[in-house]
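Everything on this sheet refers to the single structure shown next.
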Amino acid sequence: MGADYPAYREADVVLHDGSTVHLRPVRPADEAALLNLLNRLGEDSRTFRFFSGAPNLEAAARDMAEVDYEGRYGLVATRGGDDSLVGHGAYVRGAPGHAEVAFAIVDEMQGQGLGTILLAHLAEVAGENGVSLFVAEVLPQNHRMVEVFRESGFPVEIASIPGAIEVQLPTSFSGGAVGRFEDRDRLAARAAVRHFLEPSAVAVVGASRHRGTVGGEVFHNLLQSDFGGVVYPVNPATEVVQSVRAYPSVEAIRGEVDLAVIAVPAEGVTAAARECAARGVPALVVLSAGFAETGEQGAARERELVETCRAAGMRLVGPNCLGVLTAEPGAVTLNATFAPGAPPPGNVGFVTQSGALGLALIDLAADRGLGVSSFASIGNRADITANDFLEYWESDPATGVALLYIESFSDPRRFSRLARRIGRRKPIVVVKSGRSVSGGRATGSHTGAMLSASDVTVDALFEQAGVIRTETLSELLDVSSLLAGQPLPAGGRVGIVTNAGGPGIMCADACEAAGLEVPELPDEVREELAGFLAPEAGLGNPVDMIATATAEQYRRAIGTLAAHEGIDALIAIFIRPLLTRAEDVADAVRQALAELPREIPVLPVFMSGRDRAAMAATEAAPVYLYPEDAARALGRVMRHVEWRERPEEPLPEIADARPDQAAGLLAEALAGERQWLGHEQIAELLGCYGIAMPAWRLAPDPEAAARAAAELAGPVALKAQGAGIVHKTELGAVRVGLAGADEVGEAARAMDERLAAAGATRGAFLVQEMAGAGVELLVGVVGDPVFGAVLACGAGGTQAELLGDVGVRICPITRAEAAETIRSLATFPLLTGFRGSDPVDLAALEDLLLRVSAMVHAHAEIAELDLNPVIASPAGAVAVDARIRIAPATPPSPWPKTWR
Ligand code: ADP
Ligand code: MG
């Protein structure tokens, strides 16, 4: 077995010092030479290689000589003769696509780049043999080995596991491996969704002759839609279903079937799925309920269904869903839902997790003339998720807006990546019900307490990804119809025309509350308006055309304001007076829209149900019942436009960071007992990322504390450390502004007395230089199992929690996001020189946020971190108190997964 000795892989390579070594694949006959090599390894190298100082070298050499040139491959570097080995590198294939790599290099050849060369050669061979990912375990102290991996130019991912650093790197490195994985994932998702939305033959398993049943309605809908393919009813109990000859089983169908819709009772679904699998059907929509939504038994049934699908490579929408639907301009082309009505065709792609809500929304959307390009109810989303549809819509010319109703995220990281990319061209509107995903989060820190309280994490994700989140369903429709039917505004300046003062003012107020502007109109515009409006008309903004306003005046006023470059969007309010007819005004607005001098959104508001219907009937623009609704929708769209226009920014590089040292430290700490790091570890870890702390010393007793104070510059803070001492101030375990050795010694003795009285056991004293006067902030991070690391920054230190004044972002953050987080704080003015104090160094504070973000992003093992307070001053930003909890973590894979 295995392949022949690949002589063509032999090569001579040049090392850093200009000398060469010869590389050749290992031969089985190399066992003795390999043992020699291992014997030449220094003590450290041997420990690093075998994780033990006294390994069985004979066994190791035997193992290394065993190669098949495919799954087990080794390379040796020789110098001075064919069996004089100076280095060895090998991979052993394990899990599909994965291989472990390991190296051994004699001491005198280290630092010459030999490790990197061996790695590159191995990667090439491994790639050809189906290995896409190398995995290596490295001892914590051996973080230099990680540098060897990094130097190779491969995108290295590191994770700390108890007692070791785990290194992962792809074996292909040309042209951005990640990008290629992403492309592959995108194509796979699109191909999957295409089976559901563009099938050419559909089987309905459980098609029924009885209307009013799920199987009856879905079959009826399929026949009613303009579907160009074949529909097969499958029902063993009858020969004909709704005038179509029925098949007793999927197997009995002659032609290809590329989508099966399953509407049999839950107990029969897996059997039906098996039958479809046997028949080679690539996609299933399972309408049947009775799965995970019903409890443990249903959940087991769902797992069985999913396993059946996976084993066959078959994709699944549902179970417990309403079905899927697609439309082309003019017609619904596939209606595989059991909904009583179909939405009109349009440009909105719509995915809903709730079927019932999907039904209601289809109805309400149709009322507003909002049409869909494709609709999917994904139910329990056991396989296909909203993310897959987003991937599909990205390249679907029929879809211009994505609309999602979701209750929970399957993969928020992927959602965020997709939304950021797709949202630049097609807006995404989401209504997410407010159930907190973070309810069960452990809270050992201020940050944890703050973040577990609400839905802020989801808000942060949407905000950062440019997703428009609406609070209510009616707002969802308000925003979607604006996006679907009108151009995006170029800015936030709104012109308002109205025939009544009150609604105009309410509208202007609502605009301002929504972050929009209602600017004054320049003289030339006012003059033009005066030319055709009543002499009593108000020519400011809102333009109050008064109750006598005619349809023609609406038309001309809209045209005049739309021509004015200082206006980005228009709201036209009509409230029925005695004389003017709503139909006439509606028609005038339609005309005005048809002859607009430039692209600008116009939002008609017709303030009565009947009048609104008159405007809606023109199908010229989305129409609103209340001015506030129009203002709020416009405000949301405006924020999205701002996000979209912000240039895409790469993640900042922390050039002086030492991630490998940090990973080593964390690996060692994970091997120990403690969850909360000690001060020395914290200082080293923060130091690896350049996060500043004041100079400090640890001292075992009051006398040592006094000596330590003398070594430090200026006044100091004295803090007692200890396992039970968490909130030091409360225990009297903090004194600040102490000057000189005597004062510190005294304070330390007093502190000891206090602690003894309180029954607290002290560890060492921490003596710390005082930070300069400044503003106290809280900077914290909590690792969320679903979202990854979530960063919080609030002014007011401990009081941030109380004040609720906190900015939240999901890591990693960009420089612009760091700046935004700080500026979003209500207490931001405190940082810019409030009441004559000097402004703090904002750049240093932003930098600190970026460093924290980079650190927690690189090391998922940091479960919780509280820098409380960070003191921001004109001189910079330093953390004077830090708590860090660690926990084993599986880092998020950098590679998108085809299967969730
Ligand atoms: P804890 O939060 O456990 O009560 P801290 O170490 O945060 O203890 O100290 C409490 C307060 O003392 C801080 O909020 C800060 O106002 C002040 N403080 C502590 N250390 C320093 C320092 N090195 N420089 C300036 N002020 C400090
Ligand atoms: Mg504190």
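The values are calculated or read from the model by the stated rules, or taken from the named source; none is laboratory data. Because the structure is predicted, anything quoted here is derived from the model rather than measured. We place every Cβ from the backbone using ideal geometry, glycine too, and count neighbours over all the protein chains shown. In case anyone asks, the SASA skips ligands and DNA or RNA and just uses the protein heavy atoms, side chains included. Shrake-Rupley method; radii C 1.70, N 1.55, O 1.52, S 1.80 Å.
Some points to look at:
- Screening the candidates A289, A271 for the property of being more than 21 Å from V351 (Cα to Cα) and either surrounded by fewer than 20 Cβ atoms within 10 Å (Cβ to Cβ) or charged (D, E, K, R) (or both) yields one hit, A271.
- Of the residues L370, L305, the single one that is buried (at least 17 other Cβ atoms within 10 Å of the Cβ) and farther than 30 Å from E475 by Cβ is L305.
- Among the numbered conditions (1) touching a residue at least 60 places away in the same chain (Cβ under 8 Å); (2) of a type in the set (A, V, I, L, M); (3) more than 15 Å from ligand 1 (Cβ to nearest atom), the only one that M693 does not meet is (3).
- First in segment 31-59 and hydroxyl-bearing (S, T, Y), second anywhere and surrounded by fewer than 19 Cβ atoms within 10 Å (Cβ to Cβ) and part of a helix (DSSP H, G or I), Cβ under 9 Å, 6 or more apart: S45/D107; T47/Q141
- Entry remark, segment 347-359: residues being small (G, A, S) and either at positive phi or open to solvent by 50 Å² or more (accessible area, probe 1.4 Å) (or both) number 1 in total.
- Complete set of residues in segment 332-359 that are outside any loop (DSSP other than H, G, I, E, B), touching a residue at least 40 places away in the same chain (Cβ under 8 Å) and more than 13 Å from N221 (Cα to Cα): G346, N347, V348, G349, F350, V351, T352, L357, G358
- Residues of segment 509-521 satisfying the condition of being farther than 22 Å from S824 by Cα and either in a helix (DSSP H, G or I) or open to solvent by less than 40 Å² (accessible area, probe 1.4 Å) (or both): V518, P519, L521
- When T457, T472, T548 are checked against the criterion of being open to solvent by less than 30 Å² (accessible area, probe 1.4 Å) and of a type in the set (S, T, Y), T457 stands alone in meeting it.
- Residues within segment 485-504 that are without any contact (Cβ under 8 Å) to a residue 40 or more places away in the chain and in contact with a Pro (Cβ under 7 Å, 6 or more places away or on another chain), tallied: 0
- Complete set of residues in segment 491-508 that are closer than 14 Å to V543 by Cβ, of a type outside the set (A, V, I, L, M, F, W, C) and not in a strand (DSSP E or B): N499, G501, P503, G504
- Within segment 803-826, if we keep just the residues that are without any contact (Cβ under 8 Å) to a residue 40 or more places away in the chain and polar (S, T, N, Q), the residue that is farthest from A858 (Cα to Cα) turns out to be S824.
- Condition met for A102 (under 19 Å from F51 (Cβ atoms) and touching a Lys or Arg at 6+ places or on another chain (Cβ under 9 Å)): yes
- Unique residue being open to solvent by less than 10 Å² (accessible area, probe 1.4 Å), more than 16 Å from ligand 2 (Cβ to nearest atom) and over 22 Å from I158 (Cα atoms) when the list is L842, L850, L831: L831
- Test: residue in segment 781-797 that is more than 30 Å from S408 (Cβ to Cβ), open to solvent by 10 Å² or more (accessible area, probe 1.4 Å) and in contact (Cβ under 8 Å) with a residue 24 or more places away in the chain: yes
- Residue within segment 603-616 that is more than 37 Å from the chain's Cα centre (by Cα), part of a loop (DSSP other than H, G, I, E, B) and of a type outside the set (A, V, I, L, M) present: yes
- Segment 697-751 - residue that is away from ligand 2 (no atom under 16 Å from the Cβ) and of a type in the set (K, R) and, of those, farthest from E680 (Cα to Cα): R749
- Residue check for S225: within 42 Å of the chain's Cα centre (by Cα), modelled with pLDDT under 95 and of a type outside the set (A, V, I, L, M, F, W, C): yes
- Subset of segment 382-411 (residues that are open to solvent by 10 Å² or more (accessible area, probe 1.4 Å), closer than 23 Å to L488 by Cα and assigned to a loop (DSSP other than H, G, I, E, B)): S395, D396, P397, A398, G400
- Number of positions in segment 704-725 that are open to solvent by less than 50 Å² (accessible area, probe 1.4 Å), of a type in the set (A, V, I, L, M, F, W, C) and either in contact with a helix residue (DSSP H, G or I) (Cβ under 6 Å, 6 or more places away or on another chain) or outside any helix (DSSP H, G or I) (or both): 9
- Within segment 522-547, the set of residues being assigned to a loop (DSSP other than H, G, I, E, B) and either in contact with a Ser or Thr (Cβ under 8 Å, 6 or more places away or on another chain) or among the aromatic types (F, W, Y) (or both) comprises F532, A534, P542, M545.
- Residue in segment 633-640 that is within 28 Å of E820 (Cβ to Cβ) and touching a Phe, Trp or Tyr at 6+ places or on another chain (Cβ under 9 Å) present: yes
- Search result, residues across segment 847-882 that are of a type in the set (D, E, K, R), more than 14 Å from ligand 1 (Cβ to nearest atom) and within 30 Å of A164 (Cβ to Cβ): R851, E861, E864
- The set of residues in segment 727-763 being outside any helix (DSSP H, G or I), within 14 Å of ligand 1 (Cβ to nearest atom) and open to solvent by 50 Å² or more (accessible area, probe 1.4 Å) consists of H727, R735, V736, A739, R762.
- If you go through segment 764-796 and keep only what is within 14 Å of ligand 1 (Cβ to nearest atom), touching a His at 6+ places or on another chain (Cβ under 7 Å) and hydrophobic (A, V, I, L, M, F, W, C), you end up with L766, L778.
- Single condition A667 does not satisfy, out of (1) away from ligand 2 (no atom under 16 Å from the Cβ); (2) open to solvent by 50 Å² or more (accessible area, probe 1.4 Å); (3) under 26 Å from M855 (Cβ atoms): (2)
- Sole exception among (1) farther than 23 Å from A872 by Cβ; (2) open to solvent by less than 20 Å² (accessible area, probe 1.4 Å) for D701, by number: (2)
- Per-region count, segment 476-495, residues within 18 Å of G423 (Cβ to Cβ) and either surrounded by fewer than 19 Cβ atoms within 10 Å (Cβ to Cβ) or at pLDDT below 90 (or both): 3
- Pairing residues of segment 725-740 that are of a type in the set (A, V, I, L, M, F, W, C) with residues that are within 11 Å of ligand 2 (Cβ to nearest atom) and open to solvent by 50 Å² or more (accessible area, probe 1.4 Å), at Cβ distances under 9 Å and at least 6 apart in sequence or on separate chains, gives V726/R883; A733/H727.
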